[in-house]
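Taking it in order: structure first as structure tokens, then the write-up.
Every number in this text was worked out from the coordinates using simple rules, so none of it is lab data. Every value quoted in this text rests on a predicted model; they were computed, and no experiment measured them. Note that each Cβ is placed from the backbone with ideal geometry, even for glycine, and that neighbours are counted across all protein chains shown.
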Amino acid sequence: MQRGKLKRTLDSGHWILGAAMKHQVSTIKRRRALGRLGFALYEVLLGVAIFAVGVLALGRAVENCMNASMLNAEEDAVRQILSNRMAEIQAARGAPDPATETKINSGYGMVKLLQKSASAELTEPNNTQLNGINLVILTVQWQRGGVSQSKQIQFYVYRPK
């Protein structure tokens, strides 16, 4: 070995020989530096855990949206039943029935439609009785998840006598 070719590296304390060894040392230094820049297992697991919590929260939000959509569709069906029955009563020729009960399949289960009608007994400011005006009350009752639900509308129907 020649004297001038041996050099001692500052960081490792090893003796190396010539330019070929310098290249190997620089490669080793780069690998060590890259090893320090990589992710540790606990960092990867933490990232996966955060991602999993986010996915679960997103799934829960989608489930809530689906439930709200189903409840909205059920309420729309009930409002449609009330609207249809109100149109039938207004289009009929005679006075509305005093009391009826009908069961209707809404597509979301059976609903009970209750109809009550009575004379409105309205008066003018000069105490003149208005005849032929009936107050009709339509009530729809149904079950949702074991809990009783209901909607109601009231309207007047005029039938001259």
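Summary of computed values
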read-out: Residue match in the stretch 85-92 (condition: of a type in the set (A, V, I, L, M), touching a residue at least 60 places away in the same chain (Cβ under 8 Å) and not in a helix (DSSP H, G or I)); value: no
read-out: Unmet criterion (only one of (1) of a type in the set (A, V, I, L, M); (2) exposed (fewer than 13 other Cβ atoms within 10 Å of the Cβ); (3) within 22 Å of Met70 (Cβ to Cβ)) for Ile104; value: (2)
read-out: Qualifying position, being surrounded by fewer than 12 Cβ atoms within 10 Å (Cβ to Cβ) and under 42 Å from the mean Cα position of the chain (by Cα), among Met110, Met86; value: Met110
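Listed here are the residues, each with its yes/no results for (1) among the hydrophobic types (A, V, I, L, M, F, W, C); (2) touching a residue at least 12 places away in the same chain (Cβ under 8 Å).
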{"position": "Ile50", "(1), (2)": "yes, no"}
{"position": "Lys103", "(1), (2)": "no, no"}
{"position": "Leu135", "(1), (2)": "yes, yes"}
{"position": "Gly145", "(1), (2)": "no, no"}
